[in-house]
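Visitor: Below you will find the structure I want to go over with you.
The values are calculated or read from the model by the stated rules, or taken from the named source; none is laboratory data. Remember, it's a predicted structure, so these values are computed and weren't measured experimentally. Every residue, glycine among them, receives a Cβ derived from its backbone with ideal geometry; neighbour counts consider all protein chains shown.
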Amino acid sequence: MAIETKLPFDQQYVRTFSEGRGEPSWLLDLRLQALAKAEELPLPKPDKTKIDKWNFTQFANHVVQSAPLSSLEELPEAVKALIDLNEEAKNLYVQRDHTPAYLSLSEDLKQKGVIFTDIFTAVREHGELVQKYFMKDGVQVDEHRLTALHAALLNGGVFVYVPKNVEVQTPLQAVYIQEKEDTALFNHIIVVAEDNSKVAYVENYISLAEEANAVVNIVAEVFANTNARVFFAAVDHLAKGITAYVNRRGIAGRDGRIEWALGLMNDGDTVSENITRLIGDGSYGDTKTVVVGRGKQTQNFTTSVIHYGKHTEGYILKHGVVKDSATSIFNGIGKIEHGASKSNAEQESRVLMLNEKARGDANPILLIDEDDVTAGHAASVGRVDPTQLYYLMSRGIPKAEAERLIIHGFLAPVVNEIPLESVKKQLIEIIERKVK
Amino acid sequence: MAVLTIRDLHVSVEGKEILKGVNLEVKGGEIHAIMGPNGTGKSTLSSAIMGHPKYEVTKGSITLDGQDVLEMEVDERARAGLFLAMQYPSEISGVTNADFLRTAINARLGEGNEISLMKFIRKLDEKMSFLEMNPDMAHRYLNEGFSGGEKKRNEILQLLMLEPKIAILDEIDSGLDIDALKIVSKGVNEMRSSDFGCLIITHYQRLLNYITPDYVHVMMQGRIVKSGGPELAQRLEAEGYDWIKKELGIEDETVEQEV
C-alpha cells in the first residue's frame, strides 16, 4: 500500500487560518516556514518501532467549532468525573475539540501575575512571552516532519506562566476533549515557571467516542527556571483509531526541578517521547510513566533524561502492562554529557506481559561522557510472578483478584503521584477497564 | 472441630521424589511440631499441603474435615480453613499490607458479607498492637523492604487476622532474635483453642520453649520416623539426632537440598 506523503494543507490554507485568528506575523512566518520543512523533513525514528506506514499526515477536520460551556454541568459524565465540581476555587481549562470552552483561574493567582489561558489568547495578549518559549529552546520546529507539522498546524493548547517567587498551591488542570471522532488535534502546551516559583499542572486527553479515526500531534514544553519546581501529570486516554504523536519535554535551569507522572493509556498507535534536559547545575528530573497496551495497538515510549549541568540527578521509572496482541517498546535513555560531573542517572523499566501474543521490550541505555558520575539501570520483561500469585492465593484471594492486585501494585508508582483525587480515581478506573 | 488428615503422602519436585509416605493427623486444639535436620522434607510437606504449583503429589491423600484438599486450588484451600506462614514470604510492590489483608478477609467472607472498614481497622489496630508492630506497617507495601523479623511478624499478623482452622508455620523461628521469637510465640498462643490446630515446622527446640507442643514428630528421608510428646523435643535438644539415626539404622537422613 502506497502511503500518501503529500500534505493535505498548503501555504494558502495555513495563511488564511492564521490570519483568520489575527495571529501576529512572527507566528504566521513560523507556521509557513514549518510547513515548508514538513514537506522535506523525515519522520522521527523511534528506536525499535517502524512508523513509516503510520498515518500522521492525512486527515480532515483541522478546525472544529464547538460551543463554549456556560456551565460545567453541560459536560458529559465521563468528563465531569475528571473534575472536582464542588471545588469553588478551581484552576481549570476545558477545551472541546479546538474550542476553549471553559476557563477559571483564582483571583489570587491572577493578582500574582499567573497566566493560565488558551494558547491563542496567550499569543494575542502575551505575545512576547509566548514567542520567547514557543518551539525554541524546548522542542524545535525542524527536529523532524512531525514537529514541523505541529508548528504549521497548531490548533489548540494552553499557556501557563508562573512569575518569580510565586508558589501555586492548587494544581492547574487542563482537560482536552476530543468530541468528534475525526478531530485532528495539534495541541501545544507551554509551562513556564520563573525563578523560585512552584506549580503543578495536570492534563487529561479524553475521546468521547469508543473508536475514532484521527491524527493527534501534541507538544508540551516545560521550563523550570532557576530554583523553580514543576510537577507535570498527564493521563492520555485517546480512543482506538487515533494515531498519536506525543512529545513532552522539560528544560531545567540551575537547581530547577521537573517531575513527571504520566499515565499513558491511549488505545491507538502511539509514539510518546518524554525528554528532560537538566541544563543548570544542581537540577533534578524525575520521570514516572505507566502504560497499558491492549488490542492490536503498537506503542513506542521513549523516556530520556539528559544531564548537562554538574550535580544533576535524573530518575526514570517506567512500568508497562501489555496484553492481547499489543506491542509496547520502552526505550529509556540516561545521558550524561561531558562536564556534568557528580551527576547521577538512574532508571528502571519493567514490563509485564499478560498474554502469549503480547509483545514488550525494555531497552535501557546509559550514555556517559563524563568520568566522575554515578549511574544505574534495571530492566525486566516477564509475566506475573507465580510465587507472588501463590502467596496471595494462599490467603484465600482468588486468582483473578490476585492478578489484579499485582497489576495495580505494579502501576501504583504513577497512580499515587497524581495530585488531583478525581484524576487519580479516573486513572485507576481506566487501568481497571484496560487490564480486565 | 477441624481435622487435617494426611495419608501416605508422596510428593515430587521436578521429577524427584521428596516425600515418601507421610502420615499425620492434626486436630483442632492440637499443636504438632515437626522437627528434623535440613533437607529431610519438612518444607516440602508444608508446600504440598498448601498447593504450591512446583510440588506434585504422586500418591496419597490430604483431607480437611473429610474434604479432598488435593482437588482444591490454592485459594480454595485457604478459604476452607488452611493457612501457611511461609518461610520466605513474597514482597508485593504497590499493594499495601492493609489493602491486602482486607481483600483476603473479604475473599473468605464472600460477596455481600464484607467486613466494614471500621471493624477492619479496629481489628487490625488491635492485632498489630498485640504483636508490638509499628502502625506504619499497615500502610507499607506488602513485605517490601521488611526485615526478616518484620516479615515473620507480618505472617503471624495474617494468622491472627484470618483466623484459620489449621495453620502450618514453616520455620517461623528462623532468623528471629529472642524478643521477636517471644512475640511470634505470643501470637500463636493467642490462637490456641479447641477450634485451632497448628503444625509447627522447625529445626530448633528453642521455639518449643514458648509454644508447648502436644506432639513432636521427627522427619527423615521424607517420612515421619519418630513421634512423641514434648519430651522428645527436649531429648533432641540435648542429644541431637544421631541416636535416632542409630536406632533406625539411617545413615543419610536427607532426601533433598533444602532451597
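Visitor: Tally up the residues in segment B:90-99 that are surrounded by 18 or more Cβ atoms within 10 Å (Cβ to Cβ) and at the interface with another protein chain (Cβ under 7 Å from one of its Cβ atoms), please.
Guide: Number satisfying all stated conditions: 4.
Visitor: Run down B:Leu45, B:Leu9 and say which single residue is without any contact (Cβ under 8 Å) to a residue 60 or more places away in the chain and more than 14 Å from chain A (Cβ to nearest Cβ).
Guide: Step by step, each of B:Leu45, B:Leu9 is checked, and only B:Leu9 is without any contact (Cβ under 8 Å) to a residue 60 or more places away in the chain and more than 14 Å from chain A (Cβ to nearest Cβ).
Visitor: In segment A:209-219, is there at least one residue being out of contact with any Asp or Glu (no Cβ under 7 Å at 6 or more places or on another chain), within 19 Å of A:Thr121 (Cα to Cα) and assigned by TED's automatic domain parsing to the domain that holds A:Glu259?
Guide: Taking every residue of segment A:209-219 in turn, at least one turns out to be out of contact with any Asp or Glu (no Cβ under 7 Å at 6 or more places or on another chain), within 19 Å of A:Thr121 (Cα to Cα) and assigned by TED's automatic domain parsing to the domain that holds A:Glu259.
Visitor: Any idea which of (1) touching a Leu at 6+ places or on another chain (Cβ under 6 Å); (2) within 27 Å of A:Val414 (Cβ to Cβ) is the one B:Ser90 doesn't satisfy?
Guide: Only one criterion is unmet by B:Ser90, namely (1).
Visitor: Go through (1) more than 13 Å from chain B (Cβ to nearest Cβ); (2) closer than 19 Å to A:His307 by Cα; (3) acidic (Asp, Glu) and name the single condition A:Glu356 misses.
Guide: Only one criterion is unmet by A:Glu356, namely (2).
Visitor: Which ranges mark the helices (runs of 4 or more DSSP H) fully within segment A:119-206 that have 1 or more residues being under 20 Å from A:Leu238 (Cα atoms)?
Guide: Answer list for segment A:119-206: A:145-153.
Visitor: What number of residues within segment B:4-22 are over 20 Å from B:Gly81 (Cα atoms) and among the polar types (S, T, N, Q)?
Guide: Going through segment B:4-22 one residue at a time, the tally reaches 1.
Visitor: When you go through (1) crowded, with 22+ Cβ neighbours inside 10 Å; (2) within 14 Å of chain B (Cβ to nearest Cβ); (3) β-branched (Val, Ile, Thr) one by one for A:Val351, which number turns out not to apply?
Guide: Every listed condition holds for A:Val351 apart from (2).
Visitor: Which of (1) surrounded by 15 or more Cβ atoms within 10 Å (Cβ to Cβ); (2) within 11 Å of chain A (Cβ to nearest Cβ); (3) on the phi < 0 side of the Ramachandran plot is the odd one out, the single condition B:Leu109 does not satisfy?
Guide: (1) is the only condition that B:Leu109 fails.
To keep it simple, each residue is scored yes or no on (1) farther than 19 Å from A:Ser304 by Cα; (2) crowded, with 24+ Cβ neighbours inside 10 Å; (3) in contact with a Ser or Thr (Cβ under 6 Å, 6 or more places away or on another chain).
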{"site": "A:Glu194", "(1), (2), (3)": "yes, no, no"}
{"site": "A:Ser207", "(1), (2), (3)": "yes, yes, no"}
{"site": "A:Glu221", "(1), (2), (3)": "no, no, no"}
{"site": "A:Ala228", "(1), (2), (3)": "yes, yes, yes"}
{"site": "A:Arg248", "(1), (2), (3)": "no, yes, no"}
{"site": "A:Leu264", "(1), (2), (3)": "no, yes, yes"}
{"site": "A:Asn274", "(1), (2), (3)": "no, yes, yes"}
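Visitor: Next up: So B:Gly36 clears everything in (1) more than 8 Å from chain A (Cβ to nearest Cβ); (2) modelled with pLDDT of 95 or more; (3) crowded, with 24+ Cβ neighbours inside 10 Å except one condition, right? Which one?
Guide: The single condition B:Gly36 does not satisfy is (2).
Visitor: Something else now. Enumerate the pairs (first residue in segment B:76-96 and farther than 16 Å from B:Ser47 by Cβ; second residue anywhere and in a loop (DSSP other than H, G, I, E, B) and among the aromatic types (Phe, Trp, Tyr)) with beta-carbon separation below 8 Å, excluding pairs fewer than 6 apart on the same chain, so at least 6 apart or on different chains.
Guide: Qualifying pairs under 8 Å: B:Glu91/B:Phe146.
Visitor: Also, I was wondering about something else. For a quick check of your reading: which helices (runs of 4 or more DSSP H) sit entirely within segment B:116-232 and have at least 3 residues that are hydrophobic (A, V, I, L, M, F, W, C), within 14 Å of chain A (Cβ to nearest Cβ) and on the phi < 0 side of the Ramachandran plot?
Guide: Hits in segment B:116-232: B:148-162.
Visitor: I'm checking my understanding of the structure. Among residues of segment B:135-190 that are touching a residue at least 12 places away in the same chain (Cβ under 8 Å) and hydroxyl-bearing (Ser, Thr, Tyr), which one is farthest from B:His203 (Cα to Cα)?
Guide: Here the residue is B:Tyr141.
Visitor: Go through segment A:374-416 and count every residue that is surrounded by fewer than 20 Cβ atoms within 10 Å (Cβ to Cβ) and either more than 9 Å from every other protein chain (Cβ to nearest Cβ) or polar (S, T, N, Q) (or both).
Guide: 16
Visitor: Which members of segment A:417-436 meet the condition of being surrounded by fewer than 18 Cβ atoms within 10 Å (Cβ to Cβ), among the basic types (Lys, Arg) and touching a helix residue (DSSP H, G or I) at 6+ places or on another chain (Cβ under 9 Å)?
Guide: Within segment A:417-436, A:Lys436 is the sole residue that qualifies.
Visitor: Go through segment B:22-62 and give me each residue that's over 15 Å from the mean Cα position of the chain (by Cα) and closer than 19 Å to B:Glu163 by Cα.
Guide: The answer is B:Gly29, and nothing else.
Visitor: Something else: Name every residue in segment B:48-71 that is within 11 Å of chain A (Cβ to nearest Cβ), surrounded by fewer than 24 Cβ atoms within 10 Å (Cβ to Cβ) and at negative phi, in order of residue number.
Guide: B:Met50, B:His52, B:Pro53, B:Lys54, B:Tyr55, listed by residue number.
Visitor: Could I ask something else about it? So A:Ala326 clears everything in (1) within 23 Å of A:Arg433 (Cβ to Cβ); (2) at pLDDT below 95 except one condition, right? Which one?
Guide: Condition not satisfied by A:Ala326: (2).
Visitor: Counting just the residues of segment A:417-436 that are among the basic types (Lys, Arg) and free of Cβ contacts under 8 Å to residues at least 60 places away in the same chain, which one comes out farthest from the other protein chains (Cβ to nearest Cβ)?
Guide: A:Arg433
Visitor: Got a number for residues in segment B:102-115 being among the aliphatic types (A, V, I, L, M) and assigned to a loop (DSSP other than H, G, I, E, B)?
Guide: So the answer is 1.
Visitor: Quick one: would you say A:Tyr308 is away from chain B (no Cβ under 14 Å) and either crowded, with 18+ Cβ neighbours inside 10 Å or small (Gly, Ala, Ser) (or both)?
Guide: yes
Visitor: Inspect segment B:81-101 for any residue being at pLDDT 95 or above, β-branched (Val, Ile, Thr) and in a helix (DSSP H, G or I) and give the result as yes or no.
Guide: Scanning segment B:81-101, I find no residue that is at pLDDT 95 or above, β-branched (Val, Ile, Thr) and in a helix (DSSP H, G or I), so the answer is no.
Yes or no, residue by residue, for (1) loosely packed, with under 12 Cβ neighbours inside 10 Å; (2) in contact with a strand residue (DSSP E or B) (Cβ under 8 Å, 6 or more places away or on another chain):
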| residue | (1), (2) |
| --- | --- |
| A:Leu7 | no, no |
| A:Arg15 | no, no |
| A:Ala34 | no, no |
| A:Asp47 | no, yes |
| A:Ile51 | no, yes |
| A:Ser71 | yes, no |
| A:Glu74 | no, no |
| A:Ile83 | no, yes |
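Visitor: Quick one: A:Tyr308 ticks every box in (1) touching a Gly at 6+ places or on another chain (Cβ under 7 Å); (2) more than 26 Å from A:Ala412 (Cα to Cα) bar one, so which box is it?
Guide: Unmet condition: (1).
Visitor: For A:Gly157, which of the numbered conditions (1) on the phi < 0 side of the Ramachandran plot; (2) in contact (Cβ under 8 Å) with a residue 24 or more places away in the chain fails to hold?
Guide: Looking at each condition in turn, A:Gly157 falls short on (1).
Visitor: Kindly indicate which of B:Glu247, B:Glu237 is over 29 Å from B:Asn97 (Cα atoms), in contact with a helix residue (DSSP H, G or I) (Cβ under 6 Å, 6 or more places away or on another chain) and surrounded by fewer than 15 Cβ atoms within 10 Å (Cβ to Cβ).
Guide: B:Glu237
Visitor: Let me ask you something else. If you go through segment A:320-339 one residue at a time, do you hit one that is within 14 Å of chain B (Cβ to nearest Cβ), surrounded by 21 or more Cβ atoms within 10 Å (Cβ to Cβ) and farther than 21 Å from A:Arg294 by Cβ?
Guide: no
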